Amino acid sequence: MEVIFDKKKQTGPLIIAGPCSVETPDQFLNTVSQLVDQGIGIIRGGIWKPRTRPGSFEGVGSIALPWVQEAKQQMDFKFATEVASSSHVEEALKYGVDIFWIGARSTVNPFTVQEIAESLKGTDIPVMIKNPVNADLSLWIGALERIQKAGIKDIALIHRGFSNFRDKVHRNSPLWQIPIEIQTHFPELMMINDPSHISGKRELVSIIAQKALDLNFDGLMIESHRSPDTAWSDAEQQLTPQALGHLLQKLKTRKVRFEDNETLHQLEEIRMQIDQADHDLLESLHRRMELVEKIGQYKKLNNVAVLQMERWQAIFKSRPEWGKELNLNPELIRELFSLLHQESIRKQTEIMDKE
Ligand SMILES: O=C(O)C(=O)C[C@]1(C(=O)O)C=C[C@@H](O)C=C1
């Protein structure tokens, strides 16, 4: 079987687009034909839709599989859908679905992922694994490992954002540091961004998509429907195929690295200066920790409590102000000093508790 998620062979971002849900034969056929005209080769479409609240549209189910099969006889595209159980896997395989994805509500549940993994054994179908709904890197890694253990090799990860309580901007908070971190563990896997689910509204899709490309993501999965406002699910975040085409044209792709020798040389110089600056920073930290230890000894000798609230409050107020004068983000300085203070307390408690 042709490998879909081959990072080494990829020249530009891999684009996957299609309706949130397959609704009717006509809606699917019409949307797909417009997308294929826009040059889209991989179509997404939900058939089974696990929804947060009951009563919302939960997908038309297996009756959509023959519609997809028929559309594939008329047009050249690969079809991807979400599977959430072994029966979904079996049925979708029977109808020649080309790519599966495991949704964010399944990735959180090792039982579900294991059930899907078992039913994938012996197949070589490409699988995409969405991040879990909650910001838990190990659950995402765990799901990936279960699918890998089932013998699946053609795998990509999808960043669709994380549930949140009060993020007013996004439907799902992007927390970009999480997809970046998982890539440090699995650099060979393609990372696909889903700006539709992160933004929740069509006006924001291009901004998130551009940010993903700026961060060197390998692909985008974007929801597109022939008439988004009448869509049976996710109406606010879908784009018409034309709007999608326009968005893709406007996106700027970035090069992975510098190519020009002169710039490369300058980059090397600056990176050496950064190495030196980091070294100085670590030496300052070392000096700070030695002083903290010294105070720890005095506290032990004089039987004084580790936490000194007044002093800590003064530090917590003054350091962001000092930072601001140096053009440093006060939020960064607050976080940094919070971490440093935790470490001081840990170290001094260790000194106190030592016999
Ligand atoms: O000033 C102290 O008493 C310290 O031990 C140093 C320090 C710090 O890290 O700066 C550590 C713990 C205290 O709560 C306050 C400040």
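Read-outs: derived from the displayed coordinates by stated rules, not from any lab. Just so it is clear, the model here is predicted, and its values are computed rather than measured. Methodologically, a virtual Cβ is constructed for each residue, glycine included, from the backbone with ideal geometry; neighbour enumeration extends over all protein chains shown.
Computed over the stretch 261-353, the P(r) curve from all C-alpha pair distances, binned at 10 Å from the origin, holds 14, 34, 28, 15, 6, 2, 0 percent per bin. Of ILE295, ILE15, ILE141, which has the largest mean-square fluctuation in a 10 Å C-alpha GNM of the chain? In the Gaussian network model the winner is ILE295.
Other residues within the sphere of radius under 13 Å centred on the Cβ of ASP194, judged by their own Cβ, net out at +1 (K and R +1, D and E -1).
Residue exposure proxy: MET128, MET191, MET75, ordered by other Cβ atoms within 10 angstrom of their Cβ from fewest to most, comes out as MET75, MET191, MET128. Using a ≥ b ≥ c from the Cα gyration tensor of the stretch 1-123 (square roots of the eigenvalues), is it rounded, prolate or oblate, where a/c under 1.5 gives rounded and otherwise the larger of a/b and b/c decides, a/b for prolate? Note, shape of the stretch 1-123 comes out oblate.
Approximating the spin labels as points 7 Å out from Cα along Cα→Cβ, the LEU281-to-PHE186 distance works out to 2.9 nm. Close amide H partners of PHE162, meaning residues 5 or more places away or on another chain with modelled amide H under 5 Å apart, are SER173. Basic side chains Lys and Arg get +1 at the Cβ, acidic Asp and Glu get -1 at the Cβ, and with that the dipole of the chain about its Cα centre reaches some 800 debye. Looking at the stretch 224-267, the GluC sites (Glu not before Pro) that sit in a DSSP loop and have at most 11 other Cβ atoms within 10 Å of their own Cβ are GLU259.
Ignoring aspartates and glutamates fewer than eight residues from LYS7 along the same chain, the ones with Cα atoms less than 15 angstrom from its Cα are ASP154, GLU188, ASP218. Annotation: the antiparallel percentage among DSSP beta bridges lying fully within the chain is about 5. Computed from point charges on the beta carbon alone (+1 for Lys and Arg, -1 for Asp and Glu), the dipole magnitude for the stretch 261-353 about its Cα centre is near 720 Debye. Look at where the Cα atoms of the stretch 150-166 and of the stretch 295-335 average out, and the two centres are 39 Å apart. Taking the alpha-carbon distance from LYS168 and a cut-off under 22 Å, which lysines remain once sequence neighbours fewer than 8 residues away in the same chain are dropped? Result set, ordered by chain and number: LYS201, LYS211. Normalised by residue count, the stretch 14-250 yields a Cα convex hull volume of 117 Å³ per residue.
Across ASN109, ASN327, ASN216, mean-square fluctuation computed from a Gaussian network of the chain (C-alpha pairs under 10 Å connected) peaks at ASN327.
Only helical runs count toward this figure. For the chain, summing -39,500 (n - 2.57) over DSSP H runs of n ≥ 4 and dividing by all residues gives -16500 deg cm²/dmol at 222 nm. Going by neighbour counts of Cβ atoms within 10 Å, the residues TYR298, TYR95 line up, fewest first, as TYR298, TYR95. Radius of gyration over Kirkwood radius for the stretch 132-243, both on Cα atoms: the Rg/Rh ratio is 0.99.
Considering only LYS130, LYS211, LYS168, the mean-square fluctuation computed in a Gaussian network model of the chain, springs between alpha carbons under 10 angstrom, is largest for LYS168. The antiparallel fraction among DSSP beta bridges confined to the stretch 56-175 stands at about 10%.
The alpha carbon centroids of the stretch 169-230 and the stretch 1-77 are separated by 17 Å.
Out of residues 5 or more away from CYS20 or on other chains, whose amide H comes under 5 Å of its own, with H placed 1.01 Å from N in the peptide plane? It is SER224, by chain and number. Taking the dipole about the Cα centre of the stretch 244-310, with the C-beta of Lys and Arg at +1 and of Asp and Glu at -1, give me whichever of GLN276, MET289, PHE258 is farthest to the positive side. Farthest towards the positive pole: MET289.
Fully extending the segment from GLU321 to PHE258 would add 19.1 nm, taking 0.36 nm per residue of separation and subtracting the current Cα-Cα distance. Placing a pseudo-label 7 Å from each Cα along the Cα-to-Cβ vector at GLU2 and THR24 gives an inter-label distance of 3.2 nm.
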